[in-house]
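All remarks here apply to the structure that follows.
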Amino acid sequence: MSGFSPEWLALREPVDHRSRHAGLAGVLAGRLQSLDEPGIIDLGCGTGSNLRGTAPLLGPRQNWTLVDYDARLLEVARTRLEAWADRAQQSSEGLILDKAGKRITVRFRQADLVRDLDFALSGSVDLVTASALFDLCSADFIARFAAQVAVRKAAFFTVLTYDGVQTWAPEHAADAAMRAAFIAHQKTDKGFGTSAGPDAPAALRAAFEAQGYAVREGGSPWLLGSGDAGLVRDLAQGFAGAVGETGKVDAGEIAAWLKAERTAAVVGHTDTLALPPG
C-alpha cells in the first residue's frame, strides 16, 4: 500500500501533531522512561512525521526503525529528518540524530506489511507505533498484527485512526450523502483486505484485548479553521474524489458540494495505547 504524496504528508503534519491525545502520550512516556534505549518500530512511516511527533516524549536515547512500502517516502523521510535534527550523521545503517538533547538512531526498512509482517517487526522492539494507518487495514490484518506484537511483548501506540466523524462548515445539503459514500469508500480494499475504515479503533481494541493487553483510547480530532485553509481545501478535494469513485452520489451533486467555500472542518480520530500484561 502506497500512494500518499510527500506534499500531502507535509501539509497535514502540523495538525497531526497538535491533534494527538496528550493524556495517552503522557502514559506512553511514563511506560518507556525506565528503558535506557527503547527499540521503536514505526509502521507506514511516510516521511517520518510520527518520529518527529513522538520522540520529544521519550528519553534521551532512542533507537527507531522506520518501515514503509514506498522507497521514495523512505528517502524523503531521511532528508526531512536530517533537516529536523540539530545535528545529523550518516551511519552504516541509517542516521544518528541529535535533537533537543536526545540521541536518536534511525534505521530505514522497506517492507510489505501484508506479505512480510514478521520482517517488518524484526529486531529488538519495545514499542510498535504508527500514525493514520489502521483505518486502511482489514480487521483480519489487525488481529494478525496484534498477535505478532504480543509475541514480542511490545507496547503498541497508534495515533490518528479515522473514526467516521466528518463535518464541514458551512453546512451543505449533500453533506450526509457525501459522508455515507466516503465511509463506503473507506471500507474498500486498500491493500490489506476489506478495510475496517471507521471501525478500526474498535477492531484494534478487540484485537489487543484478546491478547491480554490493557487498552486505552483518546480522541484526536482534526479541528480545522481559518489557519488551515490549504488543508481544508485539499481535504475537501480528496473527500469529493473518493466519493466520486463510489458512484453513490451524482456527479453534479458532488460538483455543487465542491463549489461551497469551506471555512472549517472536523475530522474525527482515535489514538490507541495498548500495554502488555505484567
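The residue pairs whose first member lies in segment 141-170 and is surrounded by fewer than 19 Cβ atoms within 10 Å (Cβ to Cβ), whose second member is part of a strand (DSSP E or B), and whose beta carbons are closer than 6 Å, counting only pairs six or more residues apart or on different chains, are Val165/Gly268; Thr167/Val266; Ala169/Ala264. Scanning segment 216-226 for residues that are modelled with pLDDT of 95 or more and out of contact with any Leu (no Cβ under 7 Å at 6 or more places or on another chain) yields Glu217, Gly219, Pro221, Trp222, Leu223, Gly225. Scanning segment 56-67 turns up one or more residues that are under 17 Å from Ile41 (Cβ atoms), within 18 Å of the chain's Cα centre (by Cα) and not hydrophobic (A, V, I, L, M, F, W, C).
Highlighted here are the helices (runs of 4 or more DSSP H) found entirely within segment 162-265 that include at least 1 residues which are under 22 Å from Glu7 (Cα atoms) and touching a Pro at 6+ places or on another chain (Cβ under 9 Å): 175-186, 229-246. Within segment 196-216, none of the residues are touching an Asp or Glu at 6+ places or on another chain (Cβ under 8 Å), closer than 23 Å to Glu13 by Cβ and surrounded by fewer than 19 Cβ atoms within 10 Å (Cβ to Cβ). Is it fair to say Gly244 is surrounded by fewer than 13 Cβ atoms within 10 Å (Cβ to Cβ), small (Gly, Ala, Ser) and either farther than 30 Å from Ala150 by Cβ or modelled with pLDDT under 95 (or both)? No; evaluated as a whole, the condition is false for this residue.
Cβ separations smaller than 9 Å between residues 6+ apart or across chains give the following pairs from segment 228-246 residues that are within 11 Å of Leu11 (Cβ to Cβ) and in contact (Cβ under 8 Å) with a residue 12 or more places away in the chain to residues that are surrounded by 14 or more Cβ atoms within 10 Å (Cβ to Cβ) and among the acidic types (Asp, Glu): Leu235/Asp228.
The residues listed here are Ile104, Ile41; of these, the one that is within 18 Å of Thr161 (Cα to Cα) and among the β-branched types (Val, Ile, Thr) is Ile41. Restricting attention to segment 26-44, report how many residues are hydrophobic (A, V, I, L, M, F, W, C) and surrounded by fewer than 20 Cβ atoms within 10 Å (Cβ to Cβ). Selection size over segment 26-44: 4. In segment 254-265, the residue that is farthest from Ser226 (Cα to Cα) out of those that are of a type outside the set (Lys, Arg) and buried (at least 16 other Cβ atoms within 10 Å of the Cβ) is Ile254.
For segment 190-235, a residue qualifies if it is over 13 Å from Phe134 (Cα atoms) and among the basic types (Lys, Arg), and the qualifying residues are Arg216, Arg233.
Scanning segment 186-196 for any residue that is aromatic (Phe, Trp, Tyr) and out of contact with any helix residue (DSSP H, G or I) (no Cβ under 6 Å at 6 or more places or on another chain) turns up nothing. Scanning segment 10-43 for residues that are part of a helix (DSSP H, G or I) and among the β-branched types (Val, Ile, Thr) returns Val15, Val27. Contact map, segment 67-90: residues that are of a type outside the set (A, V, I, L, M) paired with residues that are in a strand (DSSP E or B), Cβ distance under 6 Å, separation 6+ or inter-chain. Pairs shown: Glu82/Ala88; Asp86/Asp98; Asp86/Lys99; Arg87/Asp98; Gln89/Ile96.
The values are calculated or read from the model by the stated rules, or taken from the named source; none is laboratory data. In this text the structure is predicted, and so the values were computed from the model without any measurement. Positions of Cβ are generated from backbone atoms using ideal geometry, with glycine treated the same way; all protein chains shown enter the neighbour counts.
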